[in-house]
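The values are calculated or read from the model by the stated rules, or taken from the named source; none is laboratory data. Predicted, not measured: the structure shown is a model, and the values here were computed from it. Cβ placement follows ideal geometry from the backbone for every residue including glycine, while neighbour counts extend to all protein chains displayed. The accessibility values were calculated without ligands, DNA or RNA, using every heavy atom of the protein model including side chains. Shrake-Rupley method; radii C 1.70, N 1.55, O 1.52, S 1.80 Å.
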Amino acid sequence: SIKDWFKAVYVVDLTPSLVKVAKKRVEDNKWGEKVQIILGDATDPKLEGLPPSGSCDVVSISYAVTMIPNWKDVLQNAFRLLKPGGHICVCDFTVDEKSQWSASKKFWKYLFSTDHIYLNEEHITTLQGMFEQVHLEMHYGTFPYVPSVLRCPYYAFIGKKR
């Protein structure tokens, strides 16, 4: 349970409806004092309610980097929050320079952009430059309402603050 595993958990989201869902989940699971839900911009280092710089063991970003126009700022903020030796865990959609056909990359970039999701091969290389890579895996997955023959790459990255 979160109560046993973590001293504190901070959830940041820019969307009021998702903050409402998160608050209900905290209430339903009785996580109360352990989980803080913050409505705000994860790129803002001065966001009220965030823990102090250099105090976090883990920062996790799940399918959000591609939705943040100034995505490097959210990674910088994560870096700032982590203590030395702390870990960042990121999973998100991407395009794969090495194994994906050019037409496939263009298709997925276009399709995702219609929903304000911007695939960028720079995400992984930026993470690798900022953090010591502990783990990286890439896979191809299907999506609802898209023929199963079409698969988009996604990645899971775990890095350690040097």
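Take the stretch 52-104 and flag every residue that is of a type in the set (D, E, K, R) and over 15 Å from Leu14 (Cα atoms).
Of everything in the stretch 52-104, those that are of a type in the set (D, E, K, R) and over 15 Å from Leu14 (Cα atoms) turn out to be Asp57, Lys72, Arg80, Lys83, Asp92, Asp96, Glu97, Lys98.
Kindly indicate whether any position in the stretch 8-24 is within 21 Å of His116 (Cα to Cα), acidic (Asp, Glu), free of Cβ contacts under 8 Å to residues at least 40 places away in the same chain and touching a helix residue (DSSP H, G or I) at 6+ places or on another chain (Cβ under 9 Å).
The answer is yes, given that some residue of the stretch 8-24 is within 21 Å of His116 (Cα to Cα), acidic (Asp, Glu), free of Cβ contacts under 8 Å to residues at least 40 places away in the same chain and touching a helix residue (DSSP H, G or I) at 6+ places or on another chain (Cβ under 9 Å).
Restricted to the stretch 129-162, and to residues that are over 16 Å from Gln76 (Cα atoms), small (Gly, Ala, Ser) and part of a strand (DSSP E or B), which residue is most open to solvent (accessible area, probe 1.4 Å)?
Residue satisfying both the conditions and the ranking: Ala156.
What residue, of Tyr118, Tyr10, Tyr63, Tyr110, is on the phi > 0 side of the Ramachandran plot and among the hydroxyl-bearing types (Ser, Thr, Tyr)?
Tyr63
Is it true that Gly54 is open to solvent by less than 40 Å² (accessible area, probe 1.4 Å), within 30 Å of Ser113 (Cα to Cα) and among the small types (Gly, Ala, Ser)?
no
Which ones in the stretch 62-75 are open to solvent by less than 20 Å² (accessible area, probe 1.4 Å) and among the hydrophobic types (A, V, I, L, M, F, W, C)?
If the condition is that a residue be open to solvent by less than 20 Å² (accessible area, probe 1.4 Å) and among the hydrophobic types (A, V, I, L, M, F, W, C), then Val65, Val74, Leu75 are the ones that fit.
Return yes or no: is Lys46 out of contact with any strand residue (DSSP E or B) (no Cβ under 7 Å at 6 or more places or on another chain), at pLDDT below 95 and of a type outside the set (A, V, I, L, M)?
Against the criterion (out of contact with any strand residue (DSSP E or B) (no Cβ under 7 Å at 6 or more places or on another chain), at pLDDT below 95 and of a type outside the set (A, V, I, L, M)), Lys46 does not qualify.
Looking only at residues that are acidic (Asp, Glu) and more than 19 Å from the chain's Cα centre (by Cα) in the stretch 1-51, which one is least open to solvent (accessible area, probe 1.4 Å)?
My answer is Asp28.
Please go through the stretch 76-119 and pick out each residue that is free of Cβ contacts under 8 Å to residues at least 60 places away in the same chain, farther than 26 Å from Arg151 by Cβ and either open to solvent by less than 40 Å² (accessible area, probe 1.4 Å) or under 14 Å from the mean Cα position of the chain (by Cα) (or both).
Once the filter is applied, which keeps residues that are free of Cβ contacts under 8 Å to residues at least 60 places away in the same chain, farther than 26 Å from Arg151 by Cβ and either open to solvent by less than 40 Å² (accessible area, probe 1.4 Å) or under 14 Å from the mean Cα position of the chain (by Cα) (or both), the stretch 76-119 yields Gln76, Asn77, Ala78, Leu81.
Report yes if Gln76 is out of contact with any Lys or Arg (no Cβ under 7 Å at 6 or more places or on another chain) and modelled with pLDDT of 95 or more, otherwise no.
Judged against the criteria, Gln76 is a match.
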